[in-house]
Amino acid sequence: MSRVLVIDDEPAIGWSLREILTDLGHEVQLAASAEAGRETCGTFRPDCILLDVRLPGEDGLSAIPRLRERAGPVPIVVMTAFGDLDTAVRAVDAGAFEYLIKPFDLAKVSAVVGRAIQEQSETAAEEPPSTSPSVTLIGSSPAMQQVFKEIALVAASEIPVLLTGETGTGKDLAARLIHQHGPRAAEPFVTTNLGGLATGVLESELFGHVRGGFTGATSDRKGLFEAADGGTIFLDEVGEASPEVQIRLLRVLENREVVPVGATEPVPLNVRVIAASNRDLSKAVTAGSFRDDLYHRLAGFPIHLPTLAERRDDIPALVEHFALAAGGGRQVPIDESFREACLARSWPGNVRQLRRAVEYALVVSRGGLLRGDHLPAAAVSAAERTKTALSLEEAVGRWVAATSASLTETSDGQLHRQLTEQVERVLFRDVLEATDGNRTAAARLLGLDRATLRTRLKTLGLE
């Protein structure tokens, strides 16, 4: 269980965040001011802080340094209803992990919190005990052996790499391994998510800015490309980049130099670029949403990470690996029923979802024998799904029979709407749970575009 501190003076927002984060298994504390938040940190050590900007008393951005004094180097997610550039730049300069605009999508908040806690855990574990398993990709299946071969081939070169694959397949880990096994291993490895910030803020984060470059730029600031100079920059979710950012990325790759926002002189760069996307960028090029020239610059050496469904033979080894890691290097006893249950289940969230399920089971088992019934209920087995599919017609028939008394009073289309909304509410809720709130992955599984999914969620009250 991870601890989350929410600092917001709006009771409705605090309540909503506490409800959704508690449902995800986090322990949540609320504070209505920055001062109260610092006081709470004395008895409640958070793994992540959600911080509003406009608070009674000290404002949120000014409070970040003193919050860190009490809570340590904890990731802080800034929330604001006033998304101006000055506020965004101040948040980034203060070291905020993420910057969210109100009203925000609760599913996105849960995903951001999960990512913040995960990255914090990885940072804290940079020097694990010698008994801990090494951080690497696991798998002996033909699909993973092909990935290993491709990583080994490309690591020693300088060619740009494009990693593709569904959410949770391990693209970020593959990028780190390419860097670690290449000639730049001793140099910086810098990562950023291009879908996480607004265009103006993202440009400042990637390329830096000079003092006076825009309102609120009170000092020079190096961008992530400069920070990665000599090493590697990992551009995650590059398919989400806006047209403006795509143009600037293309210029950086072509000219091997970057021009900070507000500057006139370019800064030369020596950096390797690894990009990743859970979208099919070739289709995005055809659709006109991604530049063809940038795609070919990034896809110098494409590597596709397979889904867990495409490498089911690796599940037992992954279970052993995650149990060992979650147990701090201690061998965890695993019952055969646990392995069988893992093999029987579908994992739409791929390896990441399997890892979280093993960690959940370890908590439920209190460090003892892992059994099949220790897996979280949200992961529905293939057998259960087949059984449900076979009985769907029967269930609909029972529902119609139960409402038949009112059929004569029902206006045209109302019965169909009622049934559709009930089915969609369950379907969308469970798919979002299975994909850890990732709407892109959920929309792909449902066969919908993100805009349609967002509209339906709002209509169904699942926003």
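Descriptive notes on the structure:
- Cross-link pairs 222/458; 283/458; 108/149 - those with Cα-Cα distance over 32 Å: 222/458; 108/149
- Cα gyration tensor category, rounded, prolate or oblate, for the range 3-124 with a/c compared to 1.5: rounded
- Amide H within-cut-off set for residue 51, under 5 Å, with H built and near neighbours excluded: 7, 77, 78, 79
- Of the peptides 47-54, 36-43, the order by per-residue mean of other Cβ atoms within 10 Å, starting with the highest, comes out as 47-54, 36-43.
- Residue 330/residue 265 FRET efficiency (R0 51 Å; Cβ-Cβ; nearest 0.05): 0.40
- Computed from backbone phi, the HN-Hα couplings of the range 56-71 come to x, x, 5, 6, x, 5, 5, 7, 4, x, 6, 5, 5, 4, 8, 9 Hz, rounded to whole numbers (Karplus: 6.51 cos²θ - 1.76 cosθ + 1.60, θ = phi - 60°; Gly and Pro given as x).
- Karplus (6.51, -1.76, 1.60) ³J(HN,Hα), θ = phi - 60°, over the range 22-39, in Hz, Gly and Pro reported as x: 5, 4, 7, x, 8, 8, 10, 10, 10, 9, 9, 7, 5, 4, 5, x, 5, 5
- Spatial offset of the range 296-371 relative to the range 164-190 amounts to 20 Å, using the alpha carbon center of each.
- With the simple model of a label 7 Å out from the Cα in the direction of the Cβ, residue 143 to residue 280 spans 1.6 nm.
- Gyration tensor (alpha-carbon) shape descriptor, the range 1-66, a/c threshold 1.5: oblate
- Interchain or long-range residues, amide H under 5 Å from residue 4's placed H: 27, 28, 29, 47
- From phi via Karplus (6.51, -1.76, 1.60), per-residue ³J(HN,Hα) for the range 272-284 in Hz, x at Gly/Pro: 8, 10, 10, 10, 8, 7, 8, 9, 7, 5, 5, 5, 5
- Each label point was placed 7 Å from the Cα along the Cα-to-Cβ direction; for residue 363 and residue 102 their separation is 2.8 nm.
- Net charge contributed by nearby residues that have their C-beta within less than 13 Å of residue 34 (K/R +1, D/E -1): -3
All of the numbers you see were taken from the coordinates with simple rules; none came from a lab. Just so you know, these numbers come straight off a predicted model, no measurement behind them. When we count neighbours, we look across all protein chains shown, and the Cβ atoms used for this are built from the backbone with ideal geometry, even at glycine.
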